[in-house]
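See below for the structure under consideration.
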Amino acid sequence: MAADPEGLLVRRLGSDDAMAFMALRRAALLEAPFAFASSPEDDVTRSREFVQEALAASDQATFGAFAEGLIGIVGIGRQRHLKAAHKCEIWGLYVKPGARSGGVGRALVLEALAFARSLAGVTHVYVGATERAPQATSLYQSVGFITWGVEPAALRLGEVVASESHMALALDGGSGQQAHRPNASRRCGCVLQPQLAQVMRGALAGVGRGMQ
């Protein structure tokens, strides 16, 4: 839990926060459609039971920023496959428009990274940001993330498409980019991160991108 002198409180959300989370999540999907792979029609957070279960899970965490109510959210989850259990992924970062440019997003990301560091054996954190969210890209870079690949046409809404930058952070201070490349696959001339870029978009599964 973290707070700043201006009254911003950042803490891990619990099952009692489900309704507030769901309301802000839906607002996020409507206001910033290219920041998320999910849409209001297919987002798993439409189910209160699912959200309550996800918020109570031990291998993932959702953090909220509070200032006269919930104004920002971010999630992070550990991959469940044994050979990928050293990796976490940040997902679903969103801050209400009126609360941006005040360090809320950064505070949320730092809390997520602190959670990753608390998990034994976790050495790397991954995140994706589309070309239509340059502020998010800048934020991740400011805390040490390195872009290791770009997925063209990662999201499509109507006739509009957006590429997505895939970024990595090595928690020991090493190069997340170099650490990942031996496991990357090349398709159509671009580097795509296995499982994260495709499989994990559709369901939460405790690894980060289901509520992306």
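The values are calculated or read from the model by the stated rules, or taken from the named source; none is laboratory data. This one's a predicted model, so the numbers in the text were calculated from it and none came from an experiment. Cβ atoms come from the backbone with ideal geometry, glycine included; neighbour counts cover every protein chain shown.
Side notes on the structure shown:
- Filtered residues of the range 116-138 (kept if in a helix (DSSP H, G or I) and closer than 15 Å to HIS166 by Cβ): ALA136, THR137
- Per-region count, the range 134-152, residues at pLDDT 95 or above and touching a Lys or Arg at 6+ places or on another chain (Cβ under 8 Å): 4
- Evaluated against (1) polar (S, T, N, Q); (2) exposed (fewer than 14 other Cβ atoms within 10 Å of the Cβ); (3) over 17 Å from LEU24 (Cα atoms), SER39 falls short on exactly one condition, (3).
Per-residue answers, yes or no, for (1) modelled with pLDDT under 95; (2) under 17 Å from GLN60 (Cβ atoms); (3) touching a Phe, Trp or Tyr at 6+ places or on another chain (Cβ under 9 Å):
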{"site": "HIS86", "(1), (2), (3)": "no, yes, no"}
{"site": "GLU89", "(1), (2), (3)": "no, yes, yes"}
{"site": "ARG100", "(1), (2), (3)": "yes, no, no"}
{"site": "GLY105", "(1), (2), (3)": "no, no, yes"}
{"site": "ALA116", "(1), (2), (3)": "no, yes, no"}
{"site": "TYR126", "(1), (2), (3)": "no, yes, yes"}
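- The residues of the range 75-101 that are of a type outside the set (A, V, I, L, M) and buried (at least 17 other Cβ atoms within 10 Å of the Cβ), listed by number, are GLY75, GLY77, ARG78, GLN79, LYS87, CYS88, GLU89, TRP91, GLY92, TYR94, LYS96.
- Restricting the range 55-74 to residues that are β-branched (Val, Ile, Thr) and under 19 Å from LEU113 (Cβ atoms) leaves a set whose member that is surrounded by the fewest Cβ atoms within 10 Å (Cβ to Cβ) is ILE73.
- When the range 143-154 is filtered for residues that are in contact (Cβ under 8 Å) with a residue 12 or more places away in the chain, surrounded by fewer than 20 Cβ atoms within 10 Å (Cβ to Cβ) and assigned to a strand (DSSP E or B), the ones remaining, listed by number, are ILE146, THR147, VAL150, PRO152.
- Residue selected from the range 173-194 under the condition hydrophobic (A, V, I, L, M, F, W, C) and out of contact with any Phe, Trp or Tyr (no Cβ under 8 Å at 6 or more places or on another chain), by the criterion modelled with the highest pLDDT: ALA179
- Evaluation of VAL44 against (1) among the β-branched types (Val, Ile, Thr); (2) crowded, with 23+ Cβ neighbours inside 10 Å; (3) more than 21 Å from ARG106 (Cβ to Cβ) (one fails), failing number: (2)
- ALA170 vs. criteria modelled with pLDDT of 95 or more, more than 23 Å from ARG100 (Cβ to Cβ), surrounded by fewer than 20 Cβ atoms within 10 Å (Cβ to Cβ) and small (Gly, Ala, Ser): yes
- Within the range 64-97, the residues that satisfy the criterion of being within 15 Å of VAL10 (Cα to Cα) and among the charged types (D, E, K, R) are GLU68, LYS96.
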